[in-house]
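Encoded as structure tokens, the structure appears first; notes follow it.
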Amino acid sequence: MTEEERKRRKREGLQLLEKISMPEQEPEVRARNFKEVPHGYTAEMAVEEAWRCIQCKNSPCVQGCPVEIDIPAFIRAIQEENFQESVDVIKRTNALPAVCGRVCPQEEQCEKLCVRGKKGMPVAIGRLERFAADWEAEQGEAKVPETAPPNGHKVAVIGCGPGGMTCAGDLALLGYEVHVYEAFHASGGVLRYGIPEFRLPKDIVDRETHYLEQLGVHFHYNMVIGNVWTLEEMREEEGFEAFYIGTGAGLPWFMKIEGENLNGVYSANEFLTRANLMRAYDPDNYDTPTWVGENTAVVGGGNVAMDSARTALRLGAENVYIVYRRSWEQMPARDEEMEHAREEGVDFRLLQNPIAILGDEKGWVKGVKCIKMELGEPDASGRRRPVPIEGSEFVLDIDCFIVAIGNGPNPLLPDATPELKVNKWGNITADEIGRTSIPGVFAGGDIVTGAATVIEAMGAGKIAARGIHDYLDGDMSETDWPAFE
Amino acid sequence: MFEIVSTEELGPRIKRFEIKAPLVARKIKPGQFIMLRIDDNGERIPLTMVDHDAEAGTVTIIFEEVGKTTIQLGKLKTGDELLDFIGPLGAYHDMTGGEHGRVIGVGGGIGNAPLLPKVSEFHEQGLEVTGIIGARSKEILILEDEIKAACDTLHICTDDGSHGHHGFVSDVLKQLLDESTDYDFVLAIGPPIMMKVCRDLVKPYGVPCYVSLNTIMVDGTGMCGSCRVSVGDEVKFACVDGPEMRGEEIDFEEMMARQRRYVDEEQCALERYLKEVGE
Ligand SMILES: Cc1cc2nc3c(=O)[nH]c(=O)nc-3n(C[C@H](O)[C@H](O)[C@H](O)COP(=O)(O)OP(=O)(O)OC[C@H]3O[C@@H](n4cnc5c(N)ncnc54)[C@H](O)[C@@H]3O)c2cc1C
Ligand SMILES: Cc1cc2nc3c(=O)[nH]c(=O)nc-3n(C[C@H](O)[C@H](O)[C@H](O)COP(=O)(O)OP(=O)(O)OC[C@H]3O[C@@H](n4cnc5c(N)ncnc54)[C@H](O)[C@@H]3O)c2cc1C
Ligand code: SF4
Ligand code: SF4
Ligand code: FES
């Protein structure tokens, strides 16, 4: 690229106040299929978008990224059309760019702090990251970096979600013998069983898993740790010296309202697991059944609710409602998912809250009684608290109800490990580098923080990998281990 | 992959398989279950452990061919392999609490399979075990000899009178309790309706009654809530809080309604499968 060209590009980039839009399937079409919604940038679009970045010296965007990707550097490489270099920069700190580019809540993280967002839209950092990762995938097998020579230490990673996978990859690079144990028959955690194909194609998860296999990570599926082995047995009989627990937030919360056990009422976990992991959306080829009503209501306002609603549409529901007790601005879901849901025809019923589910004589859902809400004083989280409006009850006719109000920590492993301290909600207690109350046992991700994000779980996996390295091969000794009350 | 090391037909549409699964075999206890998936297109189904051999590394299951997955399973032969075999799942309950006493074990239909390891355990622990087992008719009554070996007294019932007492297991249970209520507990395993009848019957005698719930499951690890049941004011997950539970407060009507959630879809899967295999 000539200097002249660079100048022109820079000028043009500065003038563009909006992100280059990403081509996607038309709403009417995609609302009935499970293929990925956005097609991703072409190389041309990516370069054009990349030139919107002004390469800030202090790069505020980086502070917004939990794994501190060198954002200006990777975007710079795209400007110069050095796509491989761009991937290399990203991969220095983020092992799963194809995933993060798609599912990170960018508007709350990197893009929130981008200076271009002060006037107009921020640089589409997520889309560019996705582009770089997808470009690499198109080139064939990913480059497998040289790992350090085996150091003789054996580490177990429990739970194969994004946190566990990140931790496993980092440790393998450092020369550890790493074994990942997963309760399900497949890798990925929520990336596999929760987030639907149309948002995160499963071949991306397969590709990342394959990459880790090439790094020498051993995967063991169908292993419910706690039941099949206790940590103590793994230490004594299998010779594991350190552990990373990344078992996630897999305990569905219900609303505890009348009628919640009627037929046609699902937890989002059940609904999505049937559809995603067990592929119930393809009944001609897979045996696991699922069911969706003509009129389906989803309660909740997060990504889980959006995923459930959009899956229900794709499974054939005529009308899909999202019932949420606050307003649009307060929904915790990613902006893009909310927009996509709305375009696809999901009917948002805001400032309403279900108070009872009504059933017919055969035990199936036939309606949901809701109450209207208004926003009152801000609560502890700073969001205005929704308060019910007395006497505003009404009934919404539905035949399927999906509860997507959140998940707690799955107690199975903590229950089987009494020395492992948990807080009053059941989350494993861990310090800032992931150390738990048992020496040699680290934990991170949703099981520690409560339901959070993919990138935060990956950040925790990364920090714990460093901690484990320090513990087994560095300065940290058993006596340094913190005491937990 | 998990190899099937032996197969045996116990009755029409009822089979016993021994599966090589050393890690499961080492740990699994009476009352716990496994989930299996035959192949990548299959669903995960729960089956109770009937026997296990830690040394040989095998787990025995017994199943009735009732739908797509169990019929497909029944076609497999010694030497074939299962794709997934997950366990142990469910809670282990030591019902005796180390006390030596008298108990009644009731089994109905395929429920006699999960009953066997329980009564065997009670017997080994030195309890006095009275067994009541039943089935629709003699030819589908399974495990009579094995259960007999674990019981001090065994009563047999068939709905059609082709063997033992002509009538239901609950008739015999009532008789026994009328004679004496000096039992530490009753354990009843079988179809939900049978467990409900037994539970209702036992209640007025003031004897604790345990049951084993066979709700519809997806993961079996407490992650989805498909298996939830109302127990008094609480909601419990059969896969982690159970499957064995105290029966007094279980809402069986709700549970039975929930079992019918997928009848149409299951029927479709079965028809599609039978067409595929030309039956
Ligand atoms: C439907 C849905 C949509 C979401 N969308 C987004 C999004 O768009 N963007 C975003 O950033 N975040 C999103 N999230 C949140 C995000 O997925 C999680 O924060 C993240 O996956 C947590 O990662 P983790 O590694 O802690 O655990 P998980 O991904 O939860 O994985 C834990 C794994 O551990 C396994 N496990 C549990 N117990 C055991 C045991 N005893 N033995 C062995 N294995 C065990 C589980 O089977 C599971 O595979 C979403 C979550 C859901 C449910
Ligand atoms: C903890 C547990 C332990 C079990 N142990 C045994 C066992 O040891 N031996 C055995 O034969 N069966 C057992 N079952 C039942 C077994 O899981 C089902 O028979 C099996 O899932 C049916 O699958 P299918 O595809 O062949 O039939 P489907 O087509 O799924 O169902 C056929 C018929 O069976 C009914 N059904 C479906 N799922 C269940 C279920 N979970 N429980 C009861 N009925 C069901 C349906 O309503 C339908 O009428 C157990 C179930 C649970 C939850
Ligand atoms: S990983 Fe997430 S937060 Fe970090 S740069 Fe990428 S999209 Fe932004
Ligand atoms: S803040 Fe925005 S414009 Fe500045 S370097 Fe980061 S991405 Fe580029
Ligand atoms: S089967 Fe999913 S929670 Fe019990």
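Values in this text are rule-based calculations from the coordinates and carry no lab data. Computed from a prediction, not measured in an experiment: that's the story for all the values here. Cβ coordinates were reconstructed from backbone atoms using ideal geometry, including for glycine residues, and neighbour counts include every protein chain displayed.
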### Query
Can you give the average number of partner chain beta-carbon atoms within 10 Å of each beta-carbon in peptide B:27-40, as a whole number?
2
#### Entry: Spatial separation of Cα centroids for the stretch B:15-67 and the stretch A:1-70, in angstrom
52
### Task
Return the calculated 222 nm mean residue ellipticity for chain A, to the nearest 500 deg cm²/dmol, obtained by summing -39500 (n - 2.57) across DSSP H runs with n ≥ 4 and dividing by the residue count.
-10000 deg cm²/dmol
### FRET efficiency estimate (nearest 0.05) - Cβ-Cβ, A:His220 to A:Arg8, R0 51 angstrom
0.40
### Task
Could you quote the convex hull projected area for the stretch A:28-79, Cα atoms only and averaged over all directions, in nm²?
5.4
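Per residue of A:239-250, what is the mean number of Cβ atoms on other protein chains within 10 angstrom of that residue's Cβ?
Going residue by residue through A:239-250 and averaging, the value is 1.
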### Task
Taking every pair of Cα atoms in chain B, average 1/r, invert it to obtain the Kirkwood radius, and report Rg/Rh to two decimals.
0.95
## Note on the structure
Under Stokes-Einstein, the stretch A:205-349 at 20 °C and 1.002 mPa s, with its Kirkwood radius over C-alpha pairs, diffuses with a coefficient in µm²/s of 118
### Task
Go ahead and run the numbers for FRET between A:Lys362 and B:Val66, Cβ-Cβ distance against an R0 of 25 Å, rounding to 0.05.
0.70
### Query
Of B:Lys20/B:Lys138; A:Lys10/A:Lys118; A:Lys19/A:Lys112, which sit over 21 Å apart, Cα to Cα?
B:Lys20/B:Lys138
### Summary
Computed curve, the stretch B:102-223, Cα-only Debye sum without solvent term, log₁₀ I(q)/I(0) at 0.11, 0.16, 0.18 Å⁻¹, is -0.34, -0.71, -0.89
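Could you give me D for the stretch A:1-118, from Stokes-Einstein at 25 °C and 0.890 mPa s, where the hydrodynamic radius is the Kirkwood radius over C-alpha pairs? Units µm² s⁻¹, please.
On the way: Rh = 15.5 Å.
Here the translational diffusion coefficient equals 159 µm²/s.
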### Query
If only Cα atoms are counted, what is the Rg of the stretch A:345-485, and what is its Dmax, in Å?
22.2, 67
### Query
If you wrap a convex hull around the Cα atoms of the stretch B:213-279, how much volume per residue is inside, in Å³?
103
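Against the empirical 2.2 N^0.38 Å scaling, what ratio does the C-alpha Rg of chain A come to?
Normalised Rg, Cα atoms only: 1.01.
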### Message
With viscosity set to 0.890 mPa s at 25 °C, what whole-number translational diffusion coefficient in µm²/s follows for the stretch A:305-359 from Stokes-Einstein and a Kirkwood radius over Cα pairs?
### Response
209
### Task
Enumerate the helices in chain A for which the Kyte-Doolittle hydropathy averages -1.0 or more and the C-alpha atoms extend at least 15 Å along the helix's axis, using complete DSSP H runs.
A:83-93, A:125-138, A:162-173, A:303-314, A:454-473
### Query
Which of the aspartates and glutamates could be linked to B:Lys275 by a straight reach, that is with a Cα gap under 15 Å, when you skip same-chain ones fewer than 8 residues away?
A:Asp284, A:Asp287, B:Glu266
### Message
Using a 10 Å cut-off around each Cβ, can you sort B:Tyr262, B:Tyr92 from fewest to most neighbouring Cβ atoms?
### Response
B:Tyr92, B:Tyr262
#### Entry: Rg/Rh for the stretch B:9-100, where both radii come from Cα atoms and Rh is the Kirkwood radius
1.00
### Query
Considering every residue in B:258-270, what mean count of other chain Cβ atoms within 10 Å of its Cβ is obtained?
4
### Query
Setting aside same-chain residues fewer than 8 positions from A:Lys202, which lysines have a Cα under 22 Å from its Cα?
A:Lys35, A:Lys91, A:Lys143
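Show me the ranking of peptides B:119-125, A:342-348 by mean Cβ neighbours inside 10 Å, starting with the highest.
Output ranking for B:119-125, A:342-348: B:119-125, A:342-348.
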### Query
Using modelled amide H (1.01 Å from N, peptide plane; none on Pro or chain starts), what sits under 5 Å from the amide H of A:Ile355, excluding residues fewer than 5 places away?
A:Lys369, A:Cys370, A:Ile371
### Query
If each residue's Cβ is checked for other Cβ atoms within 10 Å, how do A:Tyr286, A:Tyr281 rank with the fewest at the top?
A:Tyr286, A:Tyr281
### Query
Packing-wise, with mean Cβ within 10 Å as the measure, how do A:420-430, A:99-109 rank, highest first?
A:99-109, A:420-430
### Query
Among all the lysines, which ones have a C-alpha under 27 Å from B:Lys27's C-alpha, if same-chain residues fewer than 8 places away are not counted?
A:Lys154, A:Lys421, B:Lys15, B:Lys77, B:Lys118, B:Lys148, B:Lys236
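With all distinct Cα pairs included, what does the Kirkwood hydrodynamic radius of the stretch A:31-187 come out to in Å, to one decimal, could you say?
Hydrodynamic radius (Kirkwood, Cα only) of the stretch A:31-187 equals 17.0 Å.
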## Note on the structure
Descending packing, highest mean Cβ count within 10 Å first, for A:308-314, A:88-94 is A:308-314, A:88-94
### J(HN,Hα) series, the stretch B:180-196, from Karplus relation 6.51 cos²θ - 1.76 cosθ + 1.60, nearest Hz, glycine and proline x
7, 10, 7, 10, 6, 6, 10, 10, 10, 10, x, x, x, 5, 5, 5, 5
